[in-house]
Amino acid sequence: MTSVNIIFHYKAEIRFAVILTVIVALSIWASHFIPEEYFDSAITPILMSASTAVALCCAWISFRHTEGYRMRRIWGWTLLLWGILDGLYVISWLFMGKPVMNMGAYELTTIELALGNLLGWSLLMFPTEALRPGWLNVRRALYQLLPMFALVALDYFLPVNLRLLVALYPVFLLALLFTHVREYRLWCEDNFSSLEDIDEKSILRYMSLGLLVGLVYFYMCVSHDHARGFTQQWLAIFALAYGTDLVLFRRDPWEQVMQSIKSETTKEDVQSQPNEEYRRALEEWMEKEKPYRNPNFKLVDLQGVLPMNRTYLSQFIHSEYDCSFYLFVNRYRVEEAKRLMKEDPDIKMADVSLSCGFSSPSVFSRTFTAIAGLSPSEWQKI
């Protein structure tokens, strides 16, 4: 299947990778200047207090601005769980003098393994809901936790060292999520004409961060380096803040089509006219009304001219045009851009982008190049 999403924009990915590299490098470098005895007595409580404050603050923001979005509620509960568990550590250190975790050169205890896995699993709730909208519920979440608790119990009661398997379990769950990325991308292309802020790249960045957190956690289980927890805490704080930014400012595609799904029963489930008539009606509407000029043009907007539910609309586009809705709409946008540039050779690319429904000039340039085979400036010279 043809897709215009074949030219990747690496600026965000490079910037994200640089930030992570700096965080890890600085934390490892700084840890070598801190006396080992200060990690458990001062550094760990400070970082735990910081992560508690960030988690609870972000949880409050997420709950306050749910606006009916299921993902924001799930993320709010994730942050609340993280804040409570880290907060219990701080309380135990302040009032009981019995820290839950020793950051120094000690082996993680069974309790530390269980808590670490629980927190790692909680960070996977956001990408799970993003990649598989509506799939996550309490029962399935508990099913995901059962193998981890079983491994922890076996490690505690049996004379068998299962710590490495326990430590790798969240990474295993994350690897399973990666298998759903392509399915999610195709679903978005079948429902939206613009993938800005809803595509898989932001989710992949978050999952890459989660993978790094998991690998550092695994390193904590096999290494006695006192810098291990120091790096882990900085990455965790960054993950909480970054995840909150994504959840609050990223458009949730599932919520955008939920209303149409609820009302699908009011639409025809079978076609009452030949495909040729539907195709002619659709093309006349696209040429006359130019709905593609709206950057937020969605598949369900076609229901104004075609009496089909969302599923049949998607099947109709695929069968008649051999492409996704995303490519179908962007072909019209590119043809409109060609017309505008032909009529006015001096027109600014920003004006063309805005007039044709592209979300930004950079998106216009990438999409035009992918469909036309030439950049807009190259095409103008022909």
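Derivation of every value follows stated rules applied to the coordinates shown; laboratory data play no part. As the structure is a computational prediction, the values presented were derived from the model and not from experiment. With ideal geometry, Cβ positions are generated from the backbone for all residues, glycine too; neighbour counts draw on all protein chains shown.
Could you size up the charge dipole of the chain around its Cα centre, putting +1 on the beta carbon of Lys and Arg and -1 on that of Asp and Glu, and report it in debye to the nearest 20? Kindly include the intermediate steps, with their values, before the conclusion.
Values: 35 positive and 40 negative charges, 48 e Å.
With only Lys, Arg, Asp and Glu charged at Cβ, the dipole is about 220 debye.
Nearest 0.05, what FRET efficiency do Leu94 and Ala350 give at R0 = 56 Å with Cβ-Cβ as r?
Details: r = 56 Å, r/R0 = 1.00.
Step by step, r from the Cβ atoms, then E = 0.50.
Across the chain, where is the longest run that never hits chymotrypsin sites (Phe, Trp or Tyr not before Pro) in a DSSP loop with at most 11 other C-beta atoms within 10 Å?
Answer from the scan: 136-382.
Efficiency by 1/(1 + (r/R0)^6): what FRET value for Arg64 and Leu340, r their Cβ-Cβ distance, R0 = 41 Å, to the nearest 0.05?
Numbers: r = 43 Å, r/R0 = 1.06.
So, using R0 = 41 Å, E works out to roughly 0.40.
Using a Cα distance threshold of under 14 Å, what count of lysine pairs results for the chain when pairs must be 8 or more residues apart or interchain?
Pairs that pass both the separation and distance tests number 5.
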